[in-house]
Amino acid sequence: MPGTSPGILLKQLNLLANALPAGYICIVQPIPTQMRKKLLFLAAVISSVTVFSQDFSNKGKDFWVGYGSHCDMYNGNGTLNATGGAQEMVLYFATEAITTVTVSIPALGFTQTYANIPANTVFETAPLPK
């Protein structure tokens with residue numbers, strides 16, 4: 001209660017404890033600082049999980065794929081290998097229905113469409129250009 005001194009609150013709690021039937025115990029203790037921190041942390045984790053959770057499915061129609069620089073793309077002296085090196089990148093698609101996939105690399109002007117991929121299969125594209 002605002003404006004109430006701690007002594008009055010203790011008297012009120014004692015009256016409450018005396019009003020309890022025999023065999024009941026009334027224990028009022030402040031929450032320790034360490035416990036308070038743990039409860040606050042737990043509340044923050046729970047609220048962030050429920051508020052900012054995401055769907056972990058990889059189903060969809062539009063994806064971006066990164067193809068970063070790798071040591072195999074360079075010559076022994078550190079210059080860029082003109083052919084892009086020996087590594088190859090392919091994409092794998094798992095399907096649940098008959099599917100058409102279009103792979104495009106706008107910077108290279110590359111577009112390839114794979115039509116009528118059977119349902120319930122895993123499809124591998126041809127190696128992508130470098």
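The values are calculated or read from the model by the stated rules, or taken from the named source; none is laboratory data. Note that this is a predicted model, so its numbers are computed, not measured. Glycine gets a Cβ as well: all are built from the backbone with ideal geometry, and neighbour counts include every protein chain shown. Only protein heavy atoms, including side chains, enter the accessible area calculation; ligands, DNA and RNA are left aside. Shrake-Rupley method; radii C 1.70, N 1.55, O 1.52, S 1.80 Å.
What the table below lists for this structure:
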item: Single residue of segment 106-122 satisfying the filter (within 19 Å of residue 64 (Cβ to Cβ) and of a type outside the set (Gly, Ala, Ser)) that is nearest to the chain's Cα centre (by Cα); result: 106
item: Selected residue (criterion: nearest to the chain's Cα centre (by Cα)) from residues of segment 91-105 that are among the β-branched types (Val, Ile, Thr) and open to solvent by less than 70 Å² (accessible area, probe 1.4 Å); result: 95
item: Selected residue [open to solvent by 100 Å² or more (accessible area, probe 1.4 Å), modelled with pLDDT under 85 and over 30 Å from residue 127 (Cβ atoms)] from 25, 8; result: 25
item: Within segment 64-94, tally of residues that are at negative phi and assigned to a loop (DSSP other than H, G, I, E, B); result: 20
item: Hits in segment 71-130 - residues which are without any contact (Cβ under 8 Å) to a residue 24 or more places away in the chain and small (Gly, Ala, Ser); result: 76, 78, 82, 86, 97, 104, 107, 109, 115
item: Contacts under 8 angstrom Cβ, first residue in segment 31-48 being part of a helix (DSSP H, G or I), partner among the hydrophobic types (A, V, I, L, M, F, W, C), 6 or more apart; result: 39/31
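Residues checked against (1) under 13 Å from residue 127 (Cα atoms); (2) modelled with pLDDT under 90; (3) open to solvent by less than 60 Å² (accessible area, probe 1.4 Å):
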| site | (1), (2), (3) |
| --- | --- |
| 68 | no, yes, yes |
| 71 | no, yes, no |
| 80 | no, yes, no |
| 86 | yes, yes, no |
| 89 | yes, yes, yes |
| 107 | no, yes, no |
| 110 | yes, no, yes |
